[in-house]
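The values are calculated or read from the model by the stated rules, or taken from the named source; none is laboratory data. Quantities reported herein were computed from a predicted structural model and do not represent experimental measurements. Positions of Cβ are generated from backbone atoms using ideal geometry, with glycine treated the same way; all protein chains shown enter the neighbour counts. For the accessible areas, the whole protein counts, side chains as well, though only heavy atoms, and no ligand, DNA or RNA atoms are used. Shrake-Rupley method; radii C 1.70, N 1.55, O 1.52, S 1.80 Å.
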Amino acid sequence: MDWSSFLAFPLQHLPFIFLVLMLSFTVHEFAHAYLADKFGDPTPRSMGRVTLNPRAHLDILGMIFFLVVGIGWAKPVLVNRSKFKRPRLMGILVSFAGPFSNLLLGFICLLVMYALIRFGLLNEMSSGVSLAVKLFFYYMITQNIFLFILNLIPFPPLDGYRILEDLLPRRIMLKVKQYEQWLFYAILLMFFIPPLRMVTIGPVFSLQYSILDAFHRLASLIFGFAIRF
């Protein structure tokens, strides 16, 4: 039986994907927890979330789901916005911290990849090790850009929806919340029905290519050459 047909990624790439998700989810949730803690909410620290230990953040079912269908989740960081001095502004910043950390992590990994090539370090590795390093950084870059875009979609339970909660006037948000459950089902349909995906979130996810291109342009300015995956 060809198990690859049931997976979102090639079977031989799964160890790399697992490692990438472990790091990316951990950084994402830590960013939420760290900023909330700095803004005065003791909740994340009391729950042991202000840490880079993956065990505090990973949800095994969410990891498996990502490996199989290409989307998944980690344990959400609980935040009490009433502890913030400016609840709405700081709430937006805390919600945005997670996706932004993925964007930053992806760019840092791209710079590391450029540095490895610039200083000839990949050439000093065996072909197998060199391929493994390239695969790891490829997925670290592309999946973190994907997570950045995914989490900013304004549908529950994503960070983009939490940002929308703090941006919209409360009377409008109360009306939106009446349909929160249906919005959750709506985004699932957008993911799993290909024709619907093509005309809804498909164009949104295509932004990852523009972001990756912008990253390459910045990196090429720094290092004086360009690479493409």
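Accessible area ranking (1.4 Å probe, heavy atoms, ligands and nucleic acids excluded), largest first, for Tyr139, Tyr179, Tyr209: Tyr209, Tyr179, Tyr139. Taking Arg81, Arg170, Arg45 as the candidate residues, the one with maximal mean-square fluctuation in a Gaussian network model of the chain, Cα springs under 10 Å, is Arg170. log10 I(q)/I(0), Debye, Cα-only the stretch 1-137, no solvent, q = 0.09, 0.12 Å⁻¹? For the requested q values the scattering log ratios are -0.36, -0.60. Evaluated at q = 0.23 Å⁻¹, a Debye calculation over the C-alpha positions of the stretch 152-192 (equal weights, vacuum) places log10 I(q)/I(0) at -0.72. Histogrammed with a bin width of 10 Å, the alpha carbon distances of the stretch 100-229 distribute as 11, 32, 27, 18, 10, 3, 0 percent, first bin at zero. Straight-line cross-link partners of Lys175 among the aspartates and glutamates, defined as a Cα under 20 Å from its Cα and at least 8 positions apart when in the same chain: Asp159, Glu165, Asp166. Here the Debye sum runs over all C-alpha atoms of the stretch 159-229 as equal scatterers in vacuum, and log10 of I(q)/I(0) at q = 0.16, 0.24, 0.28 Å⁻¹ comes out as -0.77, -1.03, -1.14. Protection proxy ranking, highest mean first, for peptides 99-106, 130-137: 99-106, 130-137, where packing is the per-residue count of other beta-carbon atoms within 10 Å, averaged.
Ranked highest first by average number of other Cβ atoms within 10 Å, how do 151-157, 117-123 line up?
Numbers: 151-157: 18.6, 117-123: 12.4.
Answer by packing, highest mean first, reads 151-157, 117-123.
Which whole number in µm²/s is D for the chain by Stokes-Einstein, with the Kirkwood Rh taken over Cα pairs at 10 °C and 1.306 mPa s? All intermediate terms of the calculation are to be shown ahead of the outcome.
Working: Rh = 19.1 Å.
Result for D is 83 µm²/s.
Straight Cα distances below 29 angstrom link Lys38 to the lysines Lys75, Lys83, Lys85, Lys177, with same-chain residues fewer than 8 positions distant left out.
Name the residue, out of Ala74, Ala33, Ala115, whose mean-square fluctuation peaks in a Gaussian network model built on the chain with Cα pairs under 10 Å. In the Gaussian network model the winner is Ala115.
Comparing Tyr138, Tyr185, Tyr161 in a Gaussian network model of the chain where C-alpha atoms under 10 Å apart are linked, the largest mean-square fluctuation is found at Tyr185.
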